[in-house]
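Notes follow once the structure below has been shown.
The values are calculated or read from the model by the stated rules, or taken from the named source; none is laboratory data. What you see is a predicted model; the values in this text were computed from it and never measured. Virtual Cβ from ideal backbone geometry, glycine too; neighbours counted across all protein chains shown. SASA here: full protein model, heavy atoms, side chains in, ligands and nucleic acids out. Shrake-Rupley method; radii C 1.70, N 1.55, O 1.52, S 1.80 Å.
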Amino acid sequence: MQFDAILFDLDGTLLDTIPDLAHAANAMRLDVGLPPIPQNILATYVGQGVEQLVIRALGHEGTPASVETVMRGLARYRDHYRKCNGDQSRPYPGVLAGLQAFRSAGARLAVVTNKDTEFTEPLLRRAGLFDYFDLIVCGDTREQKKPNPMPVLYACEQLGVAPDRALFIGDSINDALAANAAGVPVLAVPYGYNEGRSVQTLPVNAIVGSIIEAAEWAANTPTQTEHA
């Protein structure tokens, strides 16, 4: 395999976390006097970190929330999510087999997520995935989140791997843009969130059906990769 490190997005790539995210977001909306909204709508608000999720959830009716309401909403969302984090979140099919395949091939593994550290590490532990990873880069690890390339480049630096020897696997435009800007080849899985957009539109090297399929792609890909 040509890749020395594999970098993974978390929500929508490794774990289906929408049930817990939606529960916390709707509980937060109720706290500020707003009715719950469907889980499939909330899924389109996920991808750019907790602040954007709260802003989008509070502005669902079309009127942006005030700064005061957003700050209150953030605090309430964090309280609710802290209590339910991992309750209904599950690895997608093929995740465990894929992680094991990448490890068996000698690759170092990292999570690069926009989720805050206080939620990421407990979630990975509860899902039984924490010990697979050599590094975890969260939304508050560096100054910028995806789609900025900073967390991707930081992961490569910490792992001691050149960007073109790493592979990023994600589900959204934020993942694709961050990896592209960092010079890291990128794969997309089709089952994630991607802010309601079609995964077919993403600027990626390939779309794979699962993490185990990603491991197979990486094992069989020639040294030179080209964007599809």
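Are any of the residues in the range 201-209 over 24 Å from Asn220 (Cα atoms), assigned to a loop (DSSP other than H, G, I, E, B) and in contact with a Leu (Cβ under 6 Å, 6 or more places away or on another chain)? No.
Residue by residue, here is whether (1) at positive phi; (2) without any contact (Cβ under 8 Å) to a residue 40 or more places away in the chain holds:
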{"site": "Ala27", "(1), (2)": "no, no"}
{"site": "Leu30", "(1), (2)": "no, yes"}
{"site": "Gly33", "(1), (2)": "yes, yes"}
{"site": "Val50", "(1), (2)": "no, no"}
{"site": "Ile55", "(1), (2)": "no, yes"}
{"site": "His60", "(1), (2)": "no, yes"}
{"site": "Tyr77", "(1), (2)": "no, no"}
{"site": "Asn85", "(1), (2)": "no, no"}
{"site": "Tyr92", "(1), (2)": "no, no"}
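Among residues that are touching a residue at least 12 places away in the same chain (Cβ under 8 Å), open to solvent by less than 10 Å² (accessible area, probe 1.4 Å) and under 17 Å from the mean Cα position of the chain (by Cα), Leu124 is included. Taken as a whole, the condition of being touching a residue at least 24 places away in the same chain (Cβ under 8 Å) and open to solvent by less than 40 Å² (accessible area, probe 1.4 Å) applies to Leu187.
Note on the range 1-86: enclosed helices (runs of 4 or more DSSP H) holding 2 or more residues that are aromatic (Phe, Trp, Tyr) are 67-84.
Residue count for the range 91-121 under the criterion of being open to solvent by 10 Å² or more (accessible area, probe 1.4 Å) and either touching a Phe, Trp or Tyr at 6+ places or on another chain (Cβ under 7 Å) or in a helix (DSSP H, G or I) (or both): the result is 10.
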